[in-house]
Amino acid sequence: MSSTQHKMRVYHRYLGFFLAGIMAVYSISGIIMIFRETDFLKKEKRIEKQIKPNVSSENLGSELKIKNLKVEREEGNLLYFNKGTYNKETGVANYTVKSLPSVLEKMTKMHKATSKQPLFFLNIFFGVSLFFFVLSAFWMFLPKTTIFKKGMYFALAGLILTLVMIFI
């Protein structure tokens, strides 16, 4: 076994052990995010929020931080929308939201992190580490062995499947 091959195996092994927890988090949150447009695992929560009075129906969604909020009707001082009501006179909004349990919510938030969040560099480290796993896997076995040759067929099949998923 060459020195490079040995080092790659060692790095691959210990980085894999080190990242086992975060890989579990990303796999679970990734699966859950597939169902983000459904109510899968979500619980309903009733919210009463005080905002400034006399908010227009056009600005209500941004004040309540509810995407795509549409006022369905207005009766007196009450604005009705699909998730609740808003009293223009008092500024009190009553509505329901559906959200994941706290731990799952935090996991999916971490999965969707952007550069505006404080620990985004950890996501970059994780992405680079996963790319290292991709590359180092090719140094796990000697190129002349049967296992390596079979591995190349599986890698080719995986590449083809990936391309099909991207372009279809």
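So for the range 23-35 (the condition being in contact with a strand residue (DSSP E or B) (Cβ under 7 Å, 6 or more places away or on another chain) and part of a loop (DSSP other than H, G, I, E, B)), does at least one residue qualify? Working first, answer last.
Step one: filter the range 23-35 for residues in contact with a strand residue (DSSP E or B) (Cβ under 7 Å, 6 or more places away or on another chain), giving none.
The answer is no, given that none of the residues of the range 23-35 is in contact with a strand residue (DSSP E or B) (Cβ under 7 Å, 6 or more places away or on another chain) and part of a loop (DSSP other than H, G, I, E, B).
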| Failed condition for residue 18, given (1) at pLDDT 95 or above; (2) surrounded by fewer than 13 Cβ atoms within 10 Å (Cβ to Cβ); (3) not assigned by TED's automatic domain parsing to the domain that holds residue 138 | (3)
| said: Condition first: out of contact with any Gly (no Cβ under 7 Å at 6 or more places or on another chain) and among the hydroxyl-bearing types (Ser, Thr, Tyr). Now tell me which residues in the range 92-143 satisfy that. | reply: 99, 102, 108, 114, 115, 129, 136
| Of the residues that sit in the range 42-76 and are in a loop (DSSP other than H, G, I, E, B) and of a type in the set (Val, Ile, Thr), which one is farthest from residue 97 (Cα to Cα)? | 55
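From the list 89, 44, 48, 63, exactly one residue is in contact (Cβ under 8 Å) with a residue 12 or more places away in the chain, acidic (Asp, Glu) and surrounded by 15 or more Cβ atoms within 10 Å (Cβ to Cβ). Which is it? Break it down into steps so the answer makes sense when it comes.
Numbers: 89 fails: surrounded by 15 or more Cβ atoms within 10 Å (Cβ to Cβ); 44 fails: surrounded by 15 or more Cβ atoms within 10 Å (Cβ to Cβ); 48 fails: surrounded by 15 or more Cβ atoms within 10 Å (Cβ to Cβ).
Result: 63 is the single residue among 89, 44, 48, 63 that is in contact (Cβ under 8 Å) with a residue 12 or more places away in the chain, acidic (Asp, Glu) and surrounded by 15 or more Cβ atoms within 10 Å (Cβ to Cβ).
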| Within the range 136-152, is there a residue that is in contact (Cβ under 8 Å) with a residue 24 or more places away in the chain and out of contact with any His (no Cβ under 9 Å at 6 or more places or on another chain)? | yes
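Inspect the range 92-111 for any residue being loosely packed, with under 12 Cβ neighbours inside 10 Å, farther than 24 Å from residue 19 by Cβ and either touching a His at 6+ places or on another chain (Cβ under 9 Å) or basic (Lys, Arg) (or both) and give the result as yes or no. Walk me through how you get there before you give the answer.
Start the filter on the range 92-111 by keeping residues that are loosely packed, with under 12 Cβ neighbours inside 10 Å, which leaves 96, 101-103.
Now drop any that are not farther than 24 Å from residue 19 by Cβ, which leaves 96, 101.
Checking which are either touching a His at 6+ places or on another chain (Cβ under 9 Å) or basic (Lys, Arg) (or both) leaves us with none.
No, that holds for no residue.
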| query | Which of the residues spanning the range 16-59 are within 11 Å of the chain's Cα centre (by Cα) and either more than 26 Å from residue 107 (Cα to Cα) or hydroxyl-bearing (Ser, Thr, Tyr) (or both)? | reply | 26, 27, 29
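From the list 119, 163, exactly one residue is outside the structural domain of residue 30 (by TED's automatic domain parsing), free of Cβ contacts under 8 Å to residues at least 12 places away in the same chain and out of contact with any Phe, Trp or Tyr (no Cβ under 9 Å at 6 or more places or on another chain). Which is it? Please lay out each step first, then the result.
Working: 119 fails: outside the structural domain of residue 30 (by TED's automatic domain parsing).
Of the residues listed, the single one that is outside the structural domain of residue 30 (by TED's automatic domain parsing), free of Cβ contacts under 8 Å to residues at least 12 places away in the same chain and out of contact with any Phe, Trp or Tyr (no Cβ under 9 Å at 6 or more places or on another chain) is 163.
The values are calculated or read from the model by the stated rules, or taken from the named source; none is laboratory data. Since the model is a prediction, treat every value here as computed from it, not as a measurement. When we count neighbours, we look across all protein chains shown, and the Cβ atoms used for this are built from the backbone with ideal geometry, even at glycine.
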